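Take a look at the structure set out below.
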Amino acid sequence: MLTIEYSRKLIKIPLEHSICKGESSISTKSDSLSKNKTLNFENDEVHEINKDNKNVHPIKTETNNNKIQIDIKGALTLAITIVSFLLALTFLHSNTETSSLFGDNYYNSFYSTGSAVLAFIIVGVVSLILFIFIERRTKFPLINFKIFDQTILFSTLIIMIVGMSMFMVFQTIPILIQTPIPVGFGEDPITTGKIQLPFSIVLLVFGPASGFIISRLGTLKPLVLGSFLTTFGFIGLFFFHSYEFVISVNLAILSAGLSFASVGAMNVIILASPSEYSGVTLGVSSLLRIIGCSIGPALAGMYMQINQTNLSVNGISTNVPSQLSFDLIFFSAIIMSVISIILSILLARKVLKMSIPKLT
């Protein structure tokens, strides 16, 4: 009989059986240990203790000493990539404003629009290439490209578009409502909140309810429906954003679509991901959603800064976003929504071929 002391517990195992369980594996023959010997496990080290003379002899064990490391290089290159592209969008403003900010010598200034945008784009592209190179070679990547098949990739892109669309609305609608007539409505912040209230109410209701709807109808139907509703909402805002009531109705439709699309895409990621990588895929999808939330307001601000018009308010001349800027914002949102429809249809076909349980 062999006595093993592990975690302050005594376990007696017949010597005829080999010991090969747990992270540490020990193979021994029955004649190598006497009946009065004990194996003591402490701090992943095994000691052979002879009860007669109390001698301790270390025994080599096979342990997994690999420690999970943080991908600092990948995080830095990804941060530089995102910030560079956002700054490139930010510096896409008019030549007149650049000249007034940085002096009259516009063409000789590094901060001119063309030079700044080009510099940030180059830095962003180089950082993106370095990020992909680092992620493919590192042992613990921030984004593991090996587990991103078409199913997870399409779902993650849909979530990114949802974040971009949502935060684009959050920035654009208040500016549109409070911009003076004839471009906007010239309303106060309270009226602006009332116009946006349907969006918040529908999002509050359909956010939790979409989970119950998906459990009844499956994941794919609400996902495709949400993409279509999001597109219809932005089409309504593009053609009919001259009426406050119509804006509220379209915001409600848009909110329902974003809720279905977001919950549906997230459910696909959870069910399609391998169980050992589910945390990684959810983390990456959340990361890309936040990136989309950053790009949306930057894109809307670029349109409003480039396309401005001069209005006289109470005898004071001021520059405000033009009607064209809002048209461009909603038209860009329509394009992104159409892309989400295409992705959702391709995703549905892909999932149907895979026959994943509880997903169709």
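Some observations on this one:
- Residues that are polar (S, T, N, Q) and outside any helix (DSSP H, G or I), drawn from the range 205-229: Thr219
- Every pair of residues 6+ apart whose Cβ atoms lie under 6 Å, when the first sits in the range 166-182 and is without any contact (Cβ under 8 Å) to a residue 24 or more places away in the chain while the second is in a helix (DSSP H, G or I) and acidic (Asp, Glu): none
- The set of residues in the range 136-160 that are part of a helix (DSSP H, G or I), at pLDDT below 80 and closer than 15 Å to Leu78 by Cβ contains only Phe145.
- As for the range 219-227, it holds no residue that is of a type in the set (Lys, Arg) and over 23 Å from Lys350 (Cα atoms).
- The residues in the range 226-240 that are surrounded by fewer than 21 Cβ atoms within 10 Å (Cβ to Cβ) and under 25 Å from Gly186 (Cβ atoms) can be counted, and the count is 4.
- Among residues of the range 183-203, those that are in a helix (DSSP H, G or I) and either in contact with a helix residue (DSSP H, G or I) (Cβ under 9 Å, 6 or more places away or on another chain) or closer than 24 Å to Ile339 by Cα (or both), counted: 14
- Looking at Ile270, Ile342, just one residue is within 17 Å of the chain's Cα centre (by Cα), assigned by TED's automatic domain parsing to the domain that holds Phe199, of a type in the set (Val, Ile, Thr) and in a helix (DSSP H, G or I), and that residue is Ile270.
- Qualifying residue in the range 170-192 (condition: charged (D, E, K, R) and at pLDDT 80 or above): yes
The values are calculated or read from the model by the stated rules, or taken from the named source; none is laboratory data. The shown structure was predicted, so the numbers you read here are calculated from the model rather than taken from an experiment. Glycine gets a Cβ as well: all are built from the backbone with ideal geometry, and neighbour counts include every protein chain shown.
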